[in-house]
Structures are given as structure tokens and as C-alpha cells.
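The structure under discussion appears below in the form of C-alpha cells.
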Amino acid sequence: MIWQVRCKQFLLLTSLCLLNACGQRFEAPGIGDQQDPALSGNGRLLVTVAERSGRRAVRLVERSTGNELPLKGLNWGMPHRSPSLSWNGRYLAFILQRGERSEIVVFDRALARLRPLPLPGERSPQALTISPDGKRLGVQLLHRGQQDVELFNLPSHEPDLPPGAPLR
Amino acid sequence: MSKKAFFYCLFSFLLLGGCEGQGLQPELGLNPRISQPGDDSSPSLAATGMAWIAPGSAQVRWLDFSTGFGSPLPGLNRPDAQPISVSVDSAGKRFALVRSLAGRTELLIYERNLALLRPIGLVPAGVPAKVAISGDGRVLAVQVSRGGRWQVELLDLP
């Protein structure tokens, strides 16, 4: 047993030590800086905030092909930040800047529907993360000069589970 | 349409409408366990818990949803390092971290089960700022500064 653990540790160490390779990048004409990366559960999809014509908007790319996937129904006129994806990429959560106000939105790619999720109280979202099943959000909030992290449930979401995962 | 079918449709409509109205519901049982005086940042959700950067001595923390309590992360935090960004896989076993240490910004992978922390080199060299790991823990996306530009780079992990 101890031998197996040691062996696993050694293999992991060796392989991690070799991790000094060039990464894969998805740049395209007209795309400036790219920030705030997030991945779907199996790493098939990458979302970033990309600068296009001076605007910061989410950009979804399929890793195997490098193709940018359409996100119809999103509001492209307002800056986006801090995107996060559920396991299969059905739910894309991010922060939308409406003038002075920041609000949390979740885009359901299966239904092509953008859902605003207002926060109770005068709190401003700074960063967020969606759970792999898409049923929970972790949000970094600014309230009276202090940053807190809070968890929220999204009870109306259908779960976005990995293939073969049991339904609970 | 029969009377029964009408009431069934009405009931379904009200039920769906009710679900639609359910927005963000704070997790009242867990949130008090996260909140501390000072600035919390960089939340990252797994299926089994959440990692984030807690205030005070700026440590990466892990909250286990099954117990509702924090669990130790041996070998991950050190008092002279400042974590900048953290991300965790779906199982809560593999963490990716960007931290500042002795004037350098470094990218690391932490294996929770083995309490192993290893640096990841970037080629060509760049300054990492933000990191995201895939749910299966096999792919890393890193926001890197090179020559005054922000790029996002993907790395496959063993």
C-alpha cells in the first residue's frame, strides 16, 4: 500500500517536473487582450473576456477546433467580466456592467436565454464561480468597502452533470 | 379542453412560474462559516466544496460541503507568500494557484491527497495573474502578461 502511494507520488512528481511546455493560445484578428479564463468540466470549452473594438465581452472557444462558438442573446453593448462555466458548458455565469451597477447574469446555452440574478441589498459582485452542476454560485461581493465571499443556490436550474453521473 | 386538463395546465404554469421566480438563495448554513473580518477573494467551486483566498495572513482555504467545515491543506500555504488566484477541480483534489513570493509571481499545482506543491514553468516566460483548472483537473487556463499584453494560455496536465 505504502509502496503504491510512493510510486504514484514519484510518477506525479516526474510528470509535473516536465511541465515546462508551450501552452495553447486562441488568438484571432480583431481580438486584443484576453483575460479572466474559465474552463468547462472536461476542458472542452474555454471562456475568456476578450477585448474587441474597445469592448470587453465573453468569448467562448471550442478547444479541439479553436472555433469560436456563437453566444446569441447576450448583451454585447455592456462590459462583461469574471465568466464561469458549468460542467458541459450549458450555463455561463458572468458579471454584466450596466452603467454604474454590476449584476450577475447566467446565460443558459441550451435555451439561449440570459437570466439576470439580482443580489439582495446594496452589494456589488466582483468575481464569481458556478458549480460544476450549475446549481450553486460562489460570489465575491463588495459591501461597505469590504470584500466577502458568499454562496448562493440556484434551485430552478436543471443540473448540468458529467456524462454518466447519477441524478440525485 | 376538459376542466381537469385546464386545472392541470394552470397548476403546471404556476409551478413553472414559481420556479422561474427563484433567484439567488443565500446558503444560510454555510455562509457564516466563510465570512471573516477582512477581504475574501477568488472563490472557486468544486462539486464537493469551495476554495478561496481568506483574509488575515492571506491563506487559501477549503470548505467541505459534506461536513460544513474547513479542511486543512497541508503544504499549500506559507506565511511569506501572497496568494493571488486559486482554482480547484470538481473533486476538490487538485488546486491551481498563482502566488507572489519573494518578489516573483509563480504558478503552482497542489495535489491535496499527496500534500504536494509543484511549480509550473511558462515558456516563453510570462507573469501569471489568474488561473482556472478544468473540473476533471486535466487542463489549466492561465492569464499571462507578456510584453504588456494579456494572453490566455492552456496547458495539459498529467
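Readers should treat all values here as calculations from the given coordinates under stated rules, not as data from a laboratory. Predicted model only: the values in this text are computed from it and were never measured. Cβ sites come from the backbone with ideal geometry, for glycine too, and all protein chains shown count toward neighbours.
Inter-label distance, A:His143 to B:Leu116: 4.1 nm, where each label sits 7 Å from its Cα along the C-beta direction.
Close amide-amide hydrogen proximity is noted between A:Asp33 and A:Glu51, each under 5 Å apart and 5 or more residues distant or on a separate chain (H modeled in the peptide plane; Pro and chain starts excluded). Helix-only arithmetic for chain B: the sum of -39500 (n - 2.57) across DSSP H runs with n ≥ 4, divided by the residue total, places the mean residue ellipticity at 222 nm at -4000 deg cm²/dmol.
Return the tail of the calculated pair distribution for region A:23-168, meaning the percent of Cα-Cα pairs more than 28 Å apart. The answer is 17 percent, as a whole percent. Averaged over peptide A:39-51, the number of partner chain Cβ atoms lying within 10 Å of each residue's Cβ comes to 5. Cross-link candidates for B:Lys93: which aspartates and glutamates have Cα within less than 18 Å, leaving aside residues fewer than 8 places away along the same chain? List returned: A:Asp133, B:Asp64, B:Glu111, B:Asp136, B:Asp156.
Calculated mean residue ellipticity at 222 nm for chain A: -3000 deg cm²/dmol, from DSSP H runs with n ≥ 4 weighted as -39500 (n - 2.57), summed, divided by the residue count and rounded to 500.
Sorting the segments A:145-153, A:75-83, A:157-165 by their mean number of nearby beta carbons within 10 angstrom, highest to lowest, gives A:145-153, A:75-83, A:157-165.
Springs between Cα atoms under 10 Å define the GNM used for chain A, and in it the highest mean-square fluctuation of A:Phe94, A:Phe107, A:Phe26 occurs at A:Phe26. Quick one: work out Rg over Rh on the C-alpha atoms of the protein assembly as shown, Rh as Kirkwood radius. Ratio value, two decimals: 0.99.
When only the Cβ of Lys, Arg, Asp and Glu is charged (+1, +1, -1, -1), the dipole of chain A relative to its Cα centre reaches about 200 debye.
Take each residue of peptide B:141-150, count the partner chain Cβ atoms within 10 Å of its Cβ, and average: the result is 4.
Between 0 and 90 degrees, the angle of helix A:2-17 with respect to the longest Cα principal axis of chain A falls at about 60 degrees. Helix B:3-20 and the longest principal axis of the C-alpha atoms of chain B enclose an angle of approximately 20°. Among B:Thr67, A:Thr48, B:Thr105, the ranking by other beta carbons within 10 Å of each residue's beta carbon, starting with the fewest, stands as B:Thr67, B:Thr105, A:Thr48.
Binning the alpha carbon pair distances of region B:34-109 at 10 angstrom intervals from zero yields the distribution 20, 56, 23, 2, expressed in whole percent. The convex hull drawn around the Cα atoms of region B:40-158, when projected onto a plane and averaged over every direction, covers 7.3 nm².
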